[in-house]
1. Counting only Cα, what are the radius of gyration and maximum Cα-Cα distance Dmax of the stretch 50-149, in Å?
2. What dipole magnitude, in Debye to the nearest 20, does the chain give about its Cα centre under +1 on Lys/Arg Cβ and -1 on Asp/Glu Cβ?
3. Divide, for the chain, the radius of gyration over alpha carbons by 2.2 N^0.38 Å, where N is the residue count.
4. In nm, to one decimal, how far is the modelled label at residue 87 from the one at residue 71, with both set 7 Å along Cα→Cβ?
5. Quick one: accessible surface of residue 265, probe radius 1.4 Å, all protein chains present, in square angstrom to the nearest 10.
6. With r defined as the distance between the Cβ atoms of residue 148 and residue 178 and R0 fixed at 45 Å, what FRET efficiency is calculated, to the nearest 0.05?
7. What full-extension length gain, to one decimal in nm, is calculated for residue 246 and residue 338 as 0.36 nm per residue of separation minus the Cα-Cα distance?
8. In the stretch 126-213, which GluC sites (Glu not before Pro) are in a loop and have at most 12 other Cβ atoms within 10 Å, using DSSP for the loop call?
Amino acid sequence: MDAAILDVSVATPKYYVKHEELAKARGIDPDKYRYGLGCWEMAVCSPGEDAVTLAAQAAFDLLQRHPNVADQIGLCVVGTESGVDQAKPIAIYLHQLLNLPKSCRAFEVKHACYGGTAGLQMARAWTQQHPKRYALVITTDIARYERYSPGESTQGAGAVAMLIGSAAAEQTLLTLSKESGVHANEVYDFWRPTYQSTAQVKGKFSISCYLDGLVEAFEDYKARENDHTEPDYFLFHVPFPRMARKAFRRLSDHKGLNYSDEMIENVFENKVEPGLWINRRIGNIYTGSLYLMLAGLCEREGEKLRDKRIALFSYGSGSCSEYFTGTFGHNLPKPHLHNILNWRKEVDVATYEQLHDEALAMERNQSLRIELEDLQHPFTFLGIRDHERIYKRNDLAIQSTSAKDNDSISPTIRAC
Ligand code: HMG
């Protein structure tokens with residue numbers, strides 16, 4: 001029995017904007033976004049959504065699918081760089097919203113986009129020591145850059161929840177390699193000072209830091225792990241989908257695989273693209289981007305993944321990189337990503353701009369503002385009063401939406 005990922009679920013905000021529309025509004029050739037960056041749609045939060053509600057939705061979905069484990073969750077770890085408080089972790093809001101057991105460690109980890117992987121590795125070690133208990137690892141983020149900045153088109157938002165436990169291959173989704181390759185290197189490529197709601201970034205420099213981290217982490221992995229067979233699939237941290245293409249090219253060249261341009265297109269199409277389609281439609285979700293790609297792969301390939309080998313690369317600016325591998329098990333449920341995407345509503349660029357600016361103002365002004373429609377959702381952020389964040393779990397919405405299985409309701413509920 002190995003500690004493994006047993007299941008995965010995804011939550012994404014209610015709204016999205018099409019990159020084609022954003023390009024037109026910014027006077028940019030839409031092909032730059034579609035092909036140059038590989039982005040098609042970008043998730044946009046409503047006023048009632050934040051990193052806590054997204055995380056709660058993703059984890060709630062997961063627990064609904066595994067009702068027998070809920071009272072054996074002994075660890076709830078949240079990887080995020082969209083922390084809502086300097087001291088109080090998102091994990092403790094989730095502990096309350098999800099009615100987790102009292103005997104449960106609940107905390108947050110941070111290292112930019114690497115935080116989710118740090119949490120996952122910690123949870124894996126913990127479940128190895130506690131084979132009868134389970135861990136929840138949740139990655140949740142809202143990627144926000146200044147409007148009109150080069151980073152604007154690489155925004156997004158969403159959460160991925162993973163259930164970790166010790167099980168035989170028949171019950172696992174993905175068992176991770178015992179060894180990882182790691183590379184830490186202090187740089188200012190992307191960061192967000194505590195007094196800012198949007199990120200600072202040196203775009204081109206961040207790309208080269210990412211690629212250097214990939215090669216260094218891979219070399220460290222190679223030195224530790226004896227099995228060097230080529231994986232069947234590759235998952236990368238995806239700040240924008242074209243980055244996965246750059247990473248795959250760099251890694252293949254580094255290994256001396258000598259792919260021609262045509263060959264690499266074919267290999268990429270078979271080994272990387274099967275997971276990447278979902279990142280094209282949601283955008284960068286920072287800590288969750290790598291695991292969103294895992295969910296995309298599970299949705300697209302399903303049972304084909306049985307016993308297949310996979311390589312994963314996690315990068316967090318600042319920076320920490322990790323390269324590891326895994327083997328798929330035999331429990332390969334689809335994460336209902338098409339339901340999640342169909343549930344969303346498209347907004348125009350003017351509405352996206354208004355929501356973007358209002359979200360920043362709300363954090364600054366500590367206001368209480370909510371759309372009536374949001375109150376029908378299972379988890380809603382009502383706003384800030386007396387410096388306290390107020391969240392509502394709507395049991396009526398949970399029950400009625402579960403019963404109706406209606407197309408207009410939250411995907412989290414429908415996935416149950
Ligand atoms: P930019 O200046 O807007 O774009 O910045 P560009 O001029 O570099 O163009 C981008 C690509 O589009 C280029 O392709 C162009 O040739 C192509 P490349 O040379 O790279 O192959 N292009 C076109 N293609 C087709 N038709 C056209 C056309 N025009 C141009 N008409 C940048 C892009 C990604 C730098 C910017 O969006 C940015 O700063 N993003 C945020 C930072 C980022 O995502 N960094 C990635 C690595 S760091 C990381 O992953 C960590 C992170 O997730 C945070 C964390 O760890 O927490 C960000």
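The values are calculated or read from the model by the stated rules, or taken from the named source; none is laboratory data. Keep in mind that what you see is a predicted model, and the values were worked out from it rather than measured. Neighbour counts are summed over all protein chains in view; Cβ atoms, including those assigned to glycine, are modelled from backbone coordinates with ideal geometry. SASA here: full protein model, heavy atoms, side chains in, ligands and nucleic acids out. Shrake-Rupley method; radii C 1.70, N 1.55, O 1.52, S 1.80 Å.
1. 13.8, 50
2. Value, rounded to 20: 460 debye.
3. 0.92
4. 3.4
5. 80
6. Efficiency for this residue pair is about 0.45.
7. 30.4 nm
8. When the GluC sites (Glu not before Pro) of the stretch 126-213 are filtered for loop state and at most 12 Cβ neighbours within 10 Å, 186 remain.
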